Structures are given as structure tokens and as C-alpha cells.
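Asker: Let me begin by handing over the structure; questions about it come next.
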Ligand code: RTP
Ligand code: MG
């Protein structure tokens, strides 16, 4: 299996509860390596652009408001089959459906305040990494 990269966000509900380390440990325990990381306050424009794919969904405005409600930690993760490894450890979008041992089962507050984002394909991972990071900010 190839070593690949994915993009992760530790969302405002998790940074607010001081869970940056706890979430990162889950990612690392799943075999992923943090090769870039920064804590940022997203602007409304940044969040709208990032979630543009969801702009017609009924939850879009709430989602953007939530994502700018506090700091987030954006990360690039590297590992074998990184997109799938990350999605597996994240768990289902709705914590009520998330499997035991996943980040969302353990930490998420609701379907919206669900502690983490992870890219859903390698193609989107590249786009999302480029949205937040310059090449020299990533050290593999
Ligand atoms: P993500 O993109 O954040 O990794 O999560 P995901 O793939 O599991 O979920 P997605 O369908 O892409 O939805 C993006 C984020 O929107 C919020 N959401 N709210 N109120 C709702 O019904 C609802 N549905 C989704 C969540 O924060 C979700 O992670
Ligand atoms: Mg998604």
C-alpha cells in the first residue's frame, strides 16, 4: 500500500474543550503522522470556500457559523492509505452512528459539532491541503 496524504481539521467544538492533543493522539495511534499543523481562526469567506460543495445543503449556513465560532487546527496527515485510515478513525458523521473507539464516538457533541473533518478522497485531499498550506509548511 502506498504512503499518501490527507487533510484534517480539528473543529471548534474540540479546540474549545482542549481536545487538540487527545484527537491528535487518536490520529497518531491510527498510524497517521502529522506532517503539517497550524491553529487558525477561519474567516467566513474561507469557511464558505472550503465547504462550497455543500452550499446548496440546508445545513450550510449553520456549518459555516460553527466552523468560524472558534479556532480550528488544520493538519496534513501522512500514512498508508491515509484518506481511508483517517475516515476510519473519525467514525460516522453523526456520533450516534459512530463505531466504538472512533474520534466522533468518543468526542463529538452532535452531527454538526463532530470534532473533526477529514478529506473524502485523494483528489479532494490535494485540493484541501493546497487551500490551507504552502508546500514549504509540510515536512514529511
Ligand atoms: P467532514 O466533511 O467534516 O469530514 O464530515 P463528513 O464527510 O462526515 O460529512 P459531510 O456530509 O461532508 O458534512 C460536512 C459537515 O457538515 C456538518 N453537517 N451537519 N446538520 C446536519 O444535518 C449536518 N450534516 C452534516 C458536519 O459538521 C459534517 O461533518
Ligand atoms: Mg465531508
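Asker: Give me log10 I(q)/I(0) at q = 0.12, 0.18 Å⁻¹ for the stretch 29-102, Debye formula, one equal scatterer per alpha-carbon, no solvent.
Answerer: -0.44, -0.96
Asker: Compute the distance from the alpha-carbon center of the stretch 67-108 to that of the stretch 27-56, in whole Å.
Answerer: 11
Asker: If only Cα atoms are counted, what is the Rg of the stretch 52-140, and what is its Dmax, in Å?
Answerer: 13.9, 39
Asker: Now for a separate question. I need to check one value: relative contact order of the stretch 3-137, counting alpha carbon pairs closer than 8 Å and at least 6 residues apart, in percent.
Answerer: 38
Asker: Where does the chain land at 222 nm, in deg cm²/dmol rounded to the nearest 500, when only DSSP H runs of n ≥ 4 count, each adding -39500 (n - 2.57), divided by all residues?
Answerer: Value at 222 nm, helices only, nearest 500: -10500 deg cm²/dmol.
No value in this document is a laboratory result; all are computed from the given coordinates. Just so it is clear, the model here is predicted, and its values are computed rather than measured.
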